[in-house]
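Asker: The following block contains the structure, expressed as structure tokens.
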Amino acid sequence: MSLLELEDVTASYGHAQVLHGISFSLSENGATGLLGANGAGKTTTLRAISGTVRTTGRILFEGRDISGLGPDRTAHLGIAHVPEGRGTLGQLSVRENLLVGAYQRKDRKQIATDVDYVLDLFPNLQERVRSNAAALSGGEQQMLAVGRAFMAKPRVILLDEASLGLAPSTARRVYDAIVRLRREAQVSMVVVEQNANLAFSVVDDATVLETGRVALHGSRDELMGMDAVRRAYLGG
Amino acid sequence: MSYFIQVVVDGLSNGAIYAAIALAIVLVYRATGLINFAQGGMAVTATFVAYALTRVGVPVLLALVVAVVFGFLLGALLERGVMRHFEGGDPDTAVVATIALLVVLSGLSAYFFGYEPHPFPSLFPNRTIEVLGVFVSLRSIGTITVLLVVMIALQLLFRSTKLGLAMRAVADNPRSSALSGLPVSRLLMIGWGLAAALGAIAGVLVAPQLFISPGMLDFVLVYALASAILGGLDSPIGAVVAAAFIGVVENLAGAYLDFIGDDLKIAVPFIAVIVILVVRPQGLFGRKVTVRV
């Protein structure tokens, strides 16, 4: 059984419909990518899953329809959304941001261990642990956003364009940590990314979206072998 | 010398009044990210509840407890019924809504109790003691003690509790906080409730000195806002220190600068506040707001 399954999901902002019937699924401990140009509906698909946009169709998480639940309830079920723009809590310290991520947990000892794990995963944050998050660089804020999502001990992390606005080497470092997180933390991932090279370093398969519809679905190797995909997303 | 100390001590007891409301402003700012003008209105309404109870013979302390509970419910109700419609929208709109609430609450108090000031019984004995040639009223000592306790409690709430951390997160970025599973609406409701409950304490503390009326806190609110901003807006300790500073400077200026006297003394602390904020925009104790993009 899939961990997460979208069936014919539509979504709209007011009268503007952005998704026109998206279907894909994510297996337990899997990682799937969502590729596509600007405006294809990648971000909206993640918002549909975390319940921050109005949808129709079915969104099944562990077999249960979660559509319409709202973000705090889906977070409770084990879905951690790392939003576009990172969602950093600027006036809170790095450590406090991580503790907010663990808000729903009660296992205080394990929380402390997990904070240390995040700081080990992102050594840059270690040095800034008492700084206001707003004072971090873009790359550090992205690392913090990923770390905060992990602190919830979720079943699924929804990752929205973690490379956006970062220097290539910084983006690479962020994705290396994400690959390590996937391996060590046994968490499934839905990865939205414009840079397919980065996405393919994490995911097993991917769905290509075009103007709110599924254009293509395939395994990592299938997609990387396709000329059209290579030209559009892999830089030739 | 003893005259000087007397002037300072009197200034501190004025400062205590400003600090009481300033703490409530800081609390609601930390919990909701807004400057809440309805704060004064909620405080006065809750204080009138205490007043009505004392009129029928309820002891002041018990009346205070009831007013605090009433204040909490009033604040939570206003958040749920009115402010929730403005959440997620433009903060300026929400601030204007708080001004509307202030007008409505003051109007309601006036409707039931009239505009003229009424005497209000004090929590503390109405006596003055002499220490080293300086006269201090027990009421001022009591007010300052309660304020210090409240200040420490708020500092602990925001710095060392999970609830405080969650309230700060929601004030910082409600949408992003929801993604970590924080119950945003409920936290805002608790924030408003706590602010109004604190307003009730402040109101009952200052009413004996000011006499209770719907406009009792109007001028205090100006001082309290200045104190909160000077203290850094998000710092309970800063608000109290700034309120004491404003109270003392105002009194010293009135007493020692002949050309200023009682009428102009109100201007002096505000000029001082402006000068300090030019040099230190984040206030005395505020955290510097840094934004990098």
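The values are calculated or read from the model by the stated rules, or taken from the named source; none is laboratory data. On a predicted model such as this, the values are computed, not experimentally measured, just so you know. All Cβ positions, even for glycine, are placed from backbone atoms using ideal geometry, and neighbour counts span all protein chains on display.
Asker: Among the numbered criteria (1) more than 25 Å from A:Thr44 (Cβ to Cβ); (2) more than 14 Å from every other protein chain (Cβ to nearest Cβ); (3) buried (at least 21 other Cβ atoms within 10 Å of the Cβ), which single criterion is violated by A:Ala162?
Answerer: (1)
Asker: Okay, next question. Could you list, ordered by first residue, the pairs with Cβ atoms under 9 Å in which the first is in segment B:96-108 and assigned to a helix (DSSP H, G or I) and the second is among the acidic types (Asp, Glu), at least 6 apart or interchain?
Answerer: Cβ pairs passing all conditions: B:Ser106/B:Asp218.
Asker: Here are the criteria: (1) more than 14 Å from chain B (Cβ to nearest Cβ); (2) surrounded by fewer than 24 Cβ atoms within 10 Å (Cβ to Cβ); (3) in contact with a helix residue (DSSP H, G or I) (Cβ under 9 Å, 6 or more places away or on another chain); (4) modelled with pLDDT under 95. Tell me which single one A:Glu127 does not satisfy.
Answerer: (3)
Asker: Restricting attention to segment A:22-63, and to residues there that are away from chain B (no Cβ under 14 Å) and among the hydroxyl-bearing types (Ser, Thr, Tyr), which single residue is surrounded by the most Cβ atoms within 10 Å (Cβ to Cβ)?
Answerer: Ranking the candidates gives A:Thr45 first.
Asker: What number of residues in segment A:78-106 are more than 7 Å from every other protein chain (Cβ to nearest Cβ) and on the phi > 0 side of the Ramachandran plot?
Answerer: Total meeting the criteria: 3.
Asker: Turning to a different aspect of this structure: What strands (runs of 3 or more DSSP E) completely inside segment A:163-236 contain at least 2 residues that are more than 19 Å from the chain's Cα centre (by Cα)? Break it down stepwise before answering.
Answerer: Numbers: elements: A:188-192, A:205-210, A:213-219.
Counting at least 2 such residues, we get A:213-219.
Asker: Let me ask something additional. What do you reckon, is B:Val28 within 22 Å of B:Gly191 (Cβ to Cβ) and in contact (Cβ under 8 Å) with a residue 24 or more places away in the chain?
Answerer: Details: within 22 Å of B:Gly191 (Cβ to Cβ): yes; in contact (Cβ under 8 Å) with a residue 24 or more places away in the chain: yes.
Yes.
Matching residues to (1) out of contact with any helix residue (DSSP H, G or I) (no Cβ under 7 Å at 6 or more places or on another chain); (2) surrounded by fewer than 23 Cβ atoms within 10 Å (Cβ to Cβ):
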| position | (1), (2) |
| --- | --- |
| B:Met151 | no, yes |
| B:Leu188 | no, no |
| B:Trp192 | no, no |
| B:Ala196 | no, no |
| B:Pro208 | no, yes |
| B:Ser213 | yes, yes |
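Yes or no, residue by residue, for (1) assigned to a strand (DSSP E or B); (2) touching a residue at least 40 places away in the same chain (Cβ under 8 Å); (3) closer than 25 Å to A:Gly139 by Cβ:
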position: A:Ser12; (1), (2), (3): yes, yes, no
position: A:His20; (1), (2), (3): yes, yes, no
position: A:Thr32; (1), (2), (3): yes, yes, yes
position: A:Leu69; (1), (2), (3): no, no, no
position: A:Gly87; (1), (2), (3): no, yes, yes
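Asker: Keeping to segment B:109-133, report how many residues are closer than 19 Å to B:Ile212 by Cβ and outside any loop (DSSP other than H, G, I, E, B).
Answerer: Here is the first cut: in segment B:109-133, the residues closer than 19 Å to B:Ile212 by Cβ are B:109-124, B:126.
Going one step further and asking which of them are outside any loop (DSSP other than H, G, I, E, B), we end up with B:109-113, B:118.
Matching residues across segment B:109-133 total 6.
Asker: Going through A:Ala167, A:Ala199, A:Ala185, A:Ala215 one at a time, which residue ends up being touching a residue at least 12 places away in the same chain (Cβ under 8 Å) and surrounded by 20 or more Cβ atoms within 10 Å (Cβ to Cβ)?
Answerer: Values: A:Ala167 fails: surrounded by 20 or more Cβ atoms within 10 Å (Cβ to Cβ); A:Ala185 fails: surrounded by 20 or more Cβ atoms within 10 Å (Cβ to Cβ); A:Ala215 fails: surrounded by 20 or more Cβ atoms within 10 Å (Cβ to Cβ).
Exactly one of A:Ala167, A:Ala199, A:Ala185, A:Ala215 is touching a residue at least 12 places away in the same chain (Cβ under 8 Å) and surrounded by 20 or more Cβ atoms within 10 Å (Cβ to Cβ), namely A:Ala199.
Asker: Can you tell me which of (1) closer than 30 Å to B:Gln6 by Cβ; (2) within 14 Å of chain A (Cβ to nearest Cβ) is the one B:Lys162 doesn't meet?
Answerer: (1)
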